[in-house]
1. For segment A:67-131, just say rounded, prolate or oblate: build the C-alpha gyration tensor, square-root its eigenvalues into a ≥ b ≥ c, call rounded for a/c under 1.5, and beyond that prolate if a/b exceeds b/c, oblate if not.
2. Among B:Ala112, B:Ala140, B:His39, whose Cα sits farthest toward the positive end of the charge dipole of segment B:17-162 (+1 at Cβ of Lys/Arg, -1 at Cβ of Asp/Glu, about the Cα centre)?
3. Highest first, please rank the peptides B:91-99, B:38-46 by the mean number of other Cβ atoms sitting within 10 Å of their residues.
4. Can you tell me the dipole magnitude for segment B:28-162 around its Cα centre, using point charges on the Cβ only (Lys, Arg +1; Asp, Glu -1), in Debye to the nearest 20?
5. Quick one: check the C-alpha center-to-center distance for segment A:37-79 versus segment B:94-162, whole angstrom.
6. Dipole of segment B:33-108, Cα-centred, from +1 at each Lys and Arg C-beta and -1 at each Asp and Glu C-beta, to the nearest 20 debye?
7. Taking the Cβ of B:Lys73 as the centre, find all other residues whose Cβ is under 15 Å away and add up their charges (Lys, Arg: +1; Asp, Glu: -1).
8. May I ask you to evaluate 6.51 cos²θ - 1.76 cosθ + 1.60, the Karplus curve with θ = phi - 60°, for each residue of segment A:37-44 and list the ³J(HN,Hα) values in order in whole Hz, giving x for glycine and proline?
Number of protein chains: 2
Amino acid sequence: MSQRLRLLSATLGLLAVGAFSAEPADDIKPPSGYRQWFHVNTMIVDKGSPLFAELGGMHNVYVNSTGLAALKKGGPYPDKSTFVTDLHEFTVSDGSYVEGARKALAIMVKDAKKYASTGGWGFQLWEGGDANKPLVTDAAKQCFACHQPKKDQDYVYSTYIP
Amino acid sequence: MSQRLRLLSATLGLLAVGAFSAEPADDIKPPSGYRQWFHVNTMIVDKGSPLFAELGGMHNVYVNSTGLAALKKGGPYPDKSTFVTDLHEFTVSDGSYVEGARKALAIMVKDAKKYASTGGWGFQLWEGGDANKPLVTDAAKQCFACHQPKKDQDYVYSTYIP
């Protein structure tokens with residue numbers, strides 16, 4: 001988990017710089033309909049985390065139908081398999097953590113040939129989920145470097161929870 | 001939210017007594033395929049909550065396709081609309097809250113005529129999601145009493161988060 005957090009931190013750290021000029025490394029767009037995809041799991045990064053400033057929020061992870069069977073097996077994933085992390089704000093009231101508005105949207109999309117240099121996965125992250133605000137410019141460094149240890153799960157951190 | 005928590009507490013309190021002899025008030029069964037339904041939202045009840053003992057966990061809420069359009073409008077819901085709360089354990093590591101195994105499964109299913117005395121909704125909760133372990137014996141008292149204040153949303157606490 002800590003490695004996944006480092007990965008996301010490296011990426012989401014860009015959110016903090018604000019005026020960063022985005023030059024996306026590829027043509028990945030936010031997928032339509034991801035809110036209807038299979039809900040893989042949820043993780044909350046709270047203020048107790050050293051990564052809270054960059055990474056705080058409720059991480060709702062979804063996978064498209066192409067990737068679902070592979071998720072259940074723990075990989076490998078066929079081309080067009082797609083994961084999103086739908087990152088939301090949250091509020092805490094009386095010990096209850098309640099979901100708020102979208103903070104960012106992150107994606108992993110499989111194309112073994114196109115993204116061969118990053119394990120067959122393309123990566124992108126949009127501030128607020130806004131297609132006009134992509135923040136990943138170097139997927140190898142910002143994303144894949146931290147996914148690499150999960151090679152035995154085809155570079156995916158999430159596992160299937162029945 | 002606090003009212004929703006009281007509702008769930010009243011229901012989940014039964015989990016604590018353990019040896020409670022279950023006599024379900026109706027014939028509601030755990031729905032198949034709910035893990036594929038639309039993910040409405042997630043809430044975590046942490047140890048900072050006074051309800052943690054009965055209610056602690058990650059609450060993943062799903063709605064079936066029949067109820068989704070109504071959720072987006074804030075109700076009212078047509079018959080056969082169904083919500084589940086898929087309650088999971090979680091672990092906390094370095095400020096990150098990570099989803100674990102299923103703790104219980106709760107349901108609301110709409111049938112305006114059959115469940116007229118409880119706002120048109122039938123309720124049930126199964127320990128561990130096990131169809132053989134239903135814990136609701138008096139839905140009016142254990143469930144509906146706390147949903148009643150949400151009459152303007154057809155007794156549903158969850159709202160649509162895009």
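Derivation of every value follows stated rules applied to the coordinates shown; laboratory data play no part. Computed from a predicted model, the values in this text were never measured in an experiment. Don't worry about glycine lacking a Cβ; one is built from the backbone with ideal geometry, like all the others, and counts go over all protein chains shown.
1. Cα axes put segment A:67-131 in the oblate bin.
2. The one lying farthest along the dipole's positive direction is B:Ala112.
3. B:38-46, B:91-99
4. Its charge dipole is roughly 520 debye.
5. 25
6. Taking the Cα centre of segment B:33-108 as origin, the dipole is about 320 debye.
7. Charge balance in the 15 Å sphere: +1.
8. Running phi through 6.51 cos²θ - 1.76 cosθ + 1.60 with θ = phi - 60° gives 6, 5, 7, 6, 5, 10, 9, 10 Hz.
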